[in-house]
Amino acid sequence: MTTANGRTADYPIDTMFLERWSPRAFTGESLSEMDLLTMLEAARWAPSSYNSQPWRFTYARRDTAPWSRFLDLLVPSNRGWAATASALVIIVSNPMMRPPGSDKDVPSSTHSFDAGTASGYFALQAYKMGWRVHGMVGFDKDRAFAELNVPAGYRIEAAYAIGRQGDPASLPEVLRDREQPNSRTPLAQLAFEGSFQA
Ligand SMILES: Cc1cc2nc3c(=O)[nH]c(=O)nc-3n(C[C@H](O)[C@H](O)[C@H](O)COP(=O)(O)O)c2cc1C
């Protein structure tokens with residue numbers, strides 16, 4: 001059993017999996033492009049079906065020209081707290097892939113799954129560098145398509161706020177109460193030997 005961050009794992013995993021969580025209170029300090037690209041470099045090394053690497057990353061760092069364009073894409077409930085993040089990343093995936101030895105693209109059945117793996121690598125690399133990452137589905141994907149110049153047919157997967165963890169007191173009361181690591185469904189309800197058990 002491993003315990004960290006007020007969380008207890010059922011099995012003896014590395015503590016980083018318990019220590020990573022998604023806060024909303026950030027300090028607003030600046031994040032260098034070098035550090036952000038280091039996080040995305042880890043994402044780049046995620047495995048993908050046929051090594052198709054369908055992930056694409058668009059990003060804006062605080063106090064740079066694209067920042068307000070990215071922030072404005074978020075729904076108000078996310079925009080409120082994410083305004084003190086240090087960077088915003090939107091992960092997009094290419095639904096087409098080129099099988100090895102072929103000269104033709106075919107639809108990929110795993111592009112979103114692969115991009116999800118990359119996002120996990122990204123968040124864990126950020127954690128190891130002392131930064132925190134908070135995923136967001138709450139943003140305007142139609143506007144993101146147009147405003148971020150996303151190629152037609154690509155899938156916009158998720159947005160991520162990256163920041164240094166801040167003081168929960170900076171949050172509105174309703175979020176302050178939720179500003180703590182949450183738990184998980186027991187593995188016994190998720191992992192089945194032999195066949196699925198509903
Ligand atoms: C793809 C994705 C979308 C999410 N969307 C939102 C969101 O729009 N707003 C929000 O406050 N949290 C969002 N979350 C955060 C999740 O609620 C959070 O990751 C989950 O409760 C597990 O908590 P933890 O990351 O602290 O371990 C999202 C997370 C992921 C991975």
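Some points to look at:
- Estimated from helical segments only, the mean residue ellipticity of the chain at 222 nm is -8000 deg cm²/dmol, where each DSSP H run of four or more residues counts as -39500 (n - 2.57).
- Averaging the Cα positions of each part gives two centres, and for the stretch 157-189 and the stretch 58-106 these lie 20 Å apart.
- Relative contact order (%) - criterion: Cα under 8 Å, at least six apart; region: the stretch 127-198: 32
- Inter-label distance for Met129 and Thr117, nm, one decimal - labels placed 7 Å from Cα along Cα-to-Cβ: 2.2
- Each Cα pair under 8 Å and six or more residues apart adds its separation to the average, and for the stretch 27-100 the resulting relative contact order is 43 percent.
- When peptides 10-23, 65-78 are sorted by average Cβ neighbour count within 10 Å, with the highest value leading, the order is 65-78, 10-23.
- Spin-label pair Ser32/Asp140, simplified geometry with 7 Å Cα→Cβ offset, distance in nm: 3.5
- Considered as an equivalent ellipsoid built on the Cα gyration tensor, the chain has semi-axes of 28, 26, 15 Å, the largest given first.
- In percent, rounded to a whole number, the relative contact order of the stretch 21-167 is 37, using alpha-carbon pairs under 8 Å and six or more apart.
- Over the stretch 95-198, equivalent-ellipsoid semi-axes from the Cα gyration tensor in Å: 32, 24, 14
- Span from the the stretch 126-146 Cα centroid across to the the stretch 9-25 one, whole angstrom: 19
- The packing ranking, built from the mean of other Cβ atoms within 10 Å per residue, places the peptides 137-143, 169-175 in the order 137-143, 169-175, highest first.
- The slack in the chain from Gln165 to Arg79, taken as 0.36 nm per residue of separation less the alpha-carbon distance, amounts to 29.3 nm.
- Where labels lie 7 Å past Cα in the beta-carbon direction, separation of Phe192 and Asp103 in nm: 4.7
Just so you know, all these numbers are worked out from the coordinates, no wet-lab data involved. Keep in mind it's a predicted model, so treat the numbers as computed, not measured. Positions of Cβ are backbone-derived with ideal geometry, glycine not excepted, and every protein chain shown enters the neighbour counts.
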